[in-house]
Amino acid sequence: MEDRKSWNIKDEAILDDLVNLMDVTAEEKNALATVKEQAQALAPELVDAFYKRILAHPNTAEYVAGMVDHLRNTLQDWFVQLFSGEYGPEYVQSRLAIGKTHVRIGLPVRYPLAMMDVLIEYGEKVAVHSPQPDLATTAFRKLAALDIAIFNQAYENTQLQHLAEMVGNERLARRLLTQ
Ligand code: HEM
C-alpha cells in the first residue's frame, strides 16, 4: 500500500484538516449561536440522561464513582460550547484535550462514542428552536461528527505514538496498524 497524504498531517494540522473537511459555513455557525440559551436551559436534563445511563451500567459506572457532581458541570459546559458559534483551533484543541483525559483514565473509546447518542438527541432538541431549524440541525450534526472524530483522534494519537516509539518510526507503526 502506498503512503497516504493524511499520514503527514500532524498536531495542529489535524485540527485544520478536520475543520476544512466539515466545512462549517458562517450561516451554520450563526444558526447554532442563536440557540445557545436553549442549550443552557436544556443542559441539566441532558446531563441527567447522560449519567443515568452511565450509572446504570457497572462497566461505565466504576469510572465516575464519587465524581458525578463535578462531571455534571464539565459536561454542561461542553454541551453549551457546542452552541458557541466559534469553532476555531482553540475549540478543537480543547475538545482534543478532553478526549485525551478519557484516554488517560483507561476508558475504552467505545463508551464515549456510544454516549454521543445522548448528546445528539439533546442537541437536535435544541436546534429545532432556531428560526432556521433545518440549518441549525445540519450544523449541529456537523459539530457532533467533529466531536466523534476528535474523540477518536485523541485515542489514535496515543496508540500511534506508543507504537512508533516501540518500533522506531511512525511510518512502520502506521503500516502495522493497517494489518
Ligand atoms: C460523549 C461522551 C463524553 C463527553 C462529551 C465527556 C465530557 C467530559 C468532560 C468535558 C470532562 C472534563 C475534562 C477535563 O476536566 O479536562 C470529562 C471528564 C471525565 N469523564 Fe467524560 N465525557 C464523555 C464520556 C465519558 C464516559 C462514557 C465516561 C465513563 C464511563 C466518562 C468519564 C469521565 C471521567 C472519569 C472524567 C474525569 C477524568 C479526570 O479528570 O481524571 N466520560 N468528560
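Since every read-out is calculated from the coordinates, none of them should be taken as a lab result. What you see is a predicted model; the values in this text were computed from it and never measured. Counting neighbours? That spans all protein chains shown, and the Cβs are built from the backbone with ideal geometry, glycine included.
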Legend entry - Cross-link pairs beyond the 21 Å C-alpha cut-off, checked among K5/K100; K29/K52; K29/K142; K36/K125: K5/K100; K29/K52
Inset, instruction - Report Rg (one decimal) and Dmax (nearest whole number) for segment 1-54, counting Cα atoms only, units Å. - result: 17.9, 50
Legend entry - the chain shape via C-alpha gyration tensor axes, a/c threshold 1.5: oblate
Inset, instruction - Using label points projected 7 Å from each Cα along Cα→Cβ, tell me how many nm separate D134 and E2, to one decimal. - result: 4.0
Inset, instruction - Calculate the spin-label point distance for S84 paired with E27, positioning each point 7 Å from the Cα along the beta-carbon direction, and give it in nanometres. - result: 2.5
Inset, instruction - Take the Cβ-Cβ distance between L177 and A49 as r, set R0 to 30 Å, and report the resulting FRET efficiency rounded to the nearest 0.05. - result: 0.30
Legend entry - Extension gain (nm, one decimal) between R141 and K125, 0.36 nm per residue minus Cα-Cα: 4.6 nm
Legend entry - For segment 52-93, the spread of Cα positions along each principal axis, largest first, Å: 37, 16, 15
Inset, instruction - Report the residues of segment 147-179 in range of a label on K100: point 7 Å along Cα→C-beta, backbone N strictly under 18 Å from it. - result: 147-165
Inset, instruction - Would you kindly derive the ³J(HN,Hα) couplings of segment 126-132 from the backbone phi angles with the Karplus curve 6.51 cos²θ - 1.76 cosθ + 1.60 (θ = phi - 60°), listing them in order in whole Hz, with x for Gly and Pro? - result: 6, 4, 5, 7, 5, x, 10
Inset, instruction - Grab the Cα-Cα distance for E156 and D117, subtract it from 0.36 nm times how many residues apart they are, and report the gain in nm with one decimal. - result: 11.9 nm
Inset, instruction - Along Cα→Cβ, 7 Å out, is where each label goes; now give me the distance between the ones at Q38 and L71 in nm to one decimal. - result: 2.9
